[in-house]
Amino acid sequence: MVLYNLRIALLSLRRNPVLSAVIVGGIALGIAVATVFSTTRHVFARDPIPGKSGVLYYVRMDSWDPLRPYPGNDVGGLPTQITYRDMAGIMKSDIPLRQSAMFLSSLYVFPDPNVGRPRRSPVRLCFSDFFPMFDVPFRFGSGWDKAADAGPEPVVVLNEEMNDTLFGGQNSVGKTVRIEDREFRVVGVLAHWRPRVRFYDVTNNFFQPPEPVYMPFGWLRPMQLRTAGNSDGWGPAPSTPGFEGLLVSETCWLQMWVELPTPARLAAYQDFLNSYVQDQKTHGRFQRPLNNRVTPLMAWLRERGVVPPEATMLMIVSLLFLAVCSLNLMGLLLAKFLARAPEVGVRRALGARRIDIFVQHLVECEVVGLAGGALGLLLAKGGLAWLNALMKTVLSAPNVTAGQDPRFFQLDVPMTVYSVLLSLAAGLLAGVYPAWRICRAAPASHLKIQ
């Protein structure tokens, strides 16, 4: 019966090609607009590290000025990063399965003179747990070990673009690269890794790609490195001048992540932070009420507004546009179905049930919806290509690494299935009333007795 209804639907579409094209085109336009803006939001909202985001937590501590609130709209807001002295204190905990403080710096990388000139490059300083914690893939070698953290040892990890620039894409593990005035040994080269959002650091521009170079956090002090990202601070100037003064100041400039695989560890770590702050209060610090937060990754991304409100609003508007398209096409389908009322009357007289007539016409509407959806997906791919070109232009700044994947917005499997379901819903919305009307038509009024 389904195949019979499909054959009847296709014959009906061929009988009125112009009208059928108008209906299919209307649904295609609605599907294209809805798919483009839904995909835009989906890119920002989807889980960047599925299966593991539930055990990754971002750590914040309220060490801010007791006499004035932290800048922002939240009255109870607290700094988005932590101080160096607090990082050093809480990194002593053995409760997390993995943990890493980190920050973004900008250093000169010196390639072979025959390859290119020195250039300033983003460098992320982190601990060895960074790579397994965030499931960073490797093409050659691996990350460094905890002994390299403690040293610190002169080792680095390169991403694939930097490895291509410095070593022509070959296995560079064991080779050396000069960064600033020091030689570092390459221990690993990342495979292709392009999260759509730099989820591990949303205090800076989270649209930027991952950094080209990673080095042990311990080099912060020997090289006297400063952050190239955001920082907040308050209080009088520290008694120790210069770089050492920064390390003992109330300047918040480090991101802190922990991996807590069980609720028991989460509760124990929260207690540890509270005990640490209570101890610091006895030394005159943390004068505001106790306010430590250990925030799950997805909740932290929502709090930081990784999904722009404009993207959600545009998605809602696009779905309403699709609904309007479907409702406007309802009149065309109704006119088309009523035009063959005599044919339906004959079928009813010969024994066809109303439900059979209803299903037949509803199947035709769904065929129209799927045809419009297929065309809409093609139009949506064109729209996303235009958005990607626009995004590439917006991000074509000196701090964007060469080789960045320009396909920021892509139709993945979930969004393709979503578009197909939207097509079916649009066909149903446009056709359920016309199909009901034609199946309710009285057959006697269309029969002539000779």
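One table, with the values for the structure above:
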| read-out | value |
| --- | --- |
| Reachable lysines, given that their alpha-carbon falls under 24 Å from the alpha-carbon of residue 392 and they are not under 8 places away in the same chain | 381 |
| Pairwise FRET efficiency - residue 303 versus residue 18, Cβ, R0 = 56 Å, nearest 0.05 | 0.60 |
| Least to most buried among 281, 92 (fewest other Cβ within 10 Å first) | 92, 281 |
| Stretchable slack from residue 170 to residue 386, in nm (0.36 nm times residue separation minus alpha-carbon distance) | 74.3 nm |
| Spatial separation of Cα centroids for region 179-221 and region 413-432, in angstrom | 41 |
| Extended-chain gain in nm, criterion 0.36 nm per residue less alpha-carbon gap, residue 287 and residue 183 | 33.1 nm |
| Cα lying deepest toward the dipole's positive end in region 92-250, options 172, 238, 105, charges on Cβ | 172 |
| Structure-based [θ]222 nm, the chain - -39500 (n - 2.57) summed over DSSP H runs of at least 4, per residue, nearest 500 | -15500 deg cm²/dmol |
| Contact order normalised by residue count of the chain, Cα under 8 Å, 6+ apart, percent | 28 |
| Length added when fully stretched, residue 355-residue 440, from 0.36 nm per residue minus Cα-Cα | 29.6 nm |
| Those aspartates and glutamates that a straight Cα-Cα span of less than 16 Å connects to residue 52, excepting residues fewer than 8 apart in one chain | 129, 135, 259 |
| Estimated FRET transfer efficiency (residue 97, residue 207; beta-carbon r; R0 35 Å; 0.05) | 0.75 |
| Within the chain: Cβ-based charge dipole about Cα centre, in debye rounded to nearest 20 (Lys, Arg +1; Asp, Glu -1) | 2080 |
| Crossing angle, helix 17-45 versus the chain [Cα axis fit, 0-90 degrees, rounded to tens] | 20 |
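Only the coordinates and a few stated rules stand behind these numbers; no lab work does. From a predicted model like this one, the values you see are computed outputs, not experimental measurements. As a convention, Cβ positions derive from the backbone with ideal geometry for all residues, glycine included, and neighbour counts pool all protein chains shown.
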